[in-house]
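Enquirer: Have a look at this one.
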Amino acid sequence: MTVAVTPPSRNRVGVVALVLALVAAVAPLVAWIVVAIIGAVESSTFDDAVYVGFLGGMLVFFGVVAVLSPVSFTAVVLGVVSLFRGGRKAPGIVAIIIGVFGSLGLFWLPVVLAEVVPGW
């Protein structure tokens, strides 16, 4: 008697962790691109475009990373939880790998506040 091999079921916690990690990883890049486009369109000289587009975009990038670092940390925790549940483990592992780098963005929060808030 042969038994049909069934593929492992989908691990929903791992998929949620992966989605959170990807959102926290992609949102800062999108914010930087948007600021760069606005800086290029609204600036009258090349120097203004560079200052607003690149430096302002970098400040916005680090700010968004700092704001979304708790989301990355949540993705890491959910990824670890998904490793102990049944189903596929790959989404949880990828979420842990991506989320760890985003979680380090919490250390950028004082830097961003020092740049934005006078007297910080």
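The values are calculated or read from the model by the stated rules, or taken from the named source; none is laboratory data. Bear in mind the structure is a predicted one, so any value in this text is a computation, not a measurement. Cβ sites come from the backbone with ideal geometry, for glycine too, and all protein chains shown count toward neighbours.
Enquirer: What about A66, is it touching a residue at least 40 places away in the same chain (Cβ under 8 Å), among the small types (G, A, S), farther than 14 Å from A17 by Cβ and in contact with a helix residue (DSSP H, G or I) (Cβ under 9 Å, 6 or more places away or on another chain)? Before the answer, list the steps.
Expert: Numbers: touching a residue at least 40 places away in the same chain (Cβ under 8 Å): yes; among the small types (G, A, S): yes; farther than 14 Å from A17 by Cβ: yes; in contact with a helix residue (DSSP H, G or I) (Cβ under 9 Å, 6 or more places away or on another chain): yes.
For A66, the condition - touching a residue at least 40 places away in the same chain (Cβ under 8 Å), among the small types (G, A, S), farther than 14 Å from A17 by Cβ and in contact with a helix residue (DSSP H, G or I) (Cβ under 9 Å, 6 or more places away or on another chain) - is met.
Enquirer: Any idea how many residues of the stretch 72-115 are under 19 Å from N11 (Cα atoms), in contact with a Pro (Cβ under 9 Å, 6 or more places away or on another chain) and aliphatic (A, V, I, L, M)?
Expert: Residues in the stretch 72-115 being under 19 Å from N11 (Cα atoms), in contact with a Pro (Cβ under 9 Å, 6 or more places away or on another chain) and aliphatic (A, V, I, L, M): 0 in total.
Enquirer: Moving on. What number of residues in the stretch 1-54 are within 19 Å of V65 (Cα to Cα) and touching a Ser or Thr at 6+ places or on another chain (Cβ under 7 Å)?
Expert: Adding up the residues that qualify gives 5.
Enquirer: Within the stretch 8-116, which helices (runs of 4 or more DSSP H) (wholly inside it) include 2 or more residues that are at pLDDT 85 or above, among the hydrophobic types (A, V, I, L, M, F, W, C) and surrounded by fewer than 21 Cβ atoms within 10 Å (Cβ to Cβ)?
Expert: Of the helices (runs of 4 or more DSSP H) lying wholly inside the stretch 8-116, those with at least 2 residues that are at pLDDT 85 or above, among the hydrophobic types (A, V, I, L, M, F, W, C) and surrounded by fewer than 21 Cβ atoms within 10 Å (Cβ to Cβ) span 12-42, 57-83, 90-103.
Enquirer: Check T2 against each of (1) in a helix (DSSP H, G or I); (2) β-branched (V, I, T); (3) free of Cβ contacts under 8 Å to residues at least 24 places away in the same chain and name the one condition it does not meet.
Expert: (1)
Enquirer: Among the listed residues F84, F62, which satisfies the condition of being aromatic (F, W, Y), out of contact with any His (no Cβ under 8 Å at 6 or more places or on another chain) and more than 20 Å from E115 (Cβ to Cβ)?
Expert: F84
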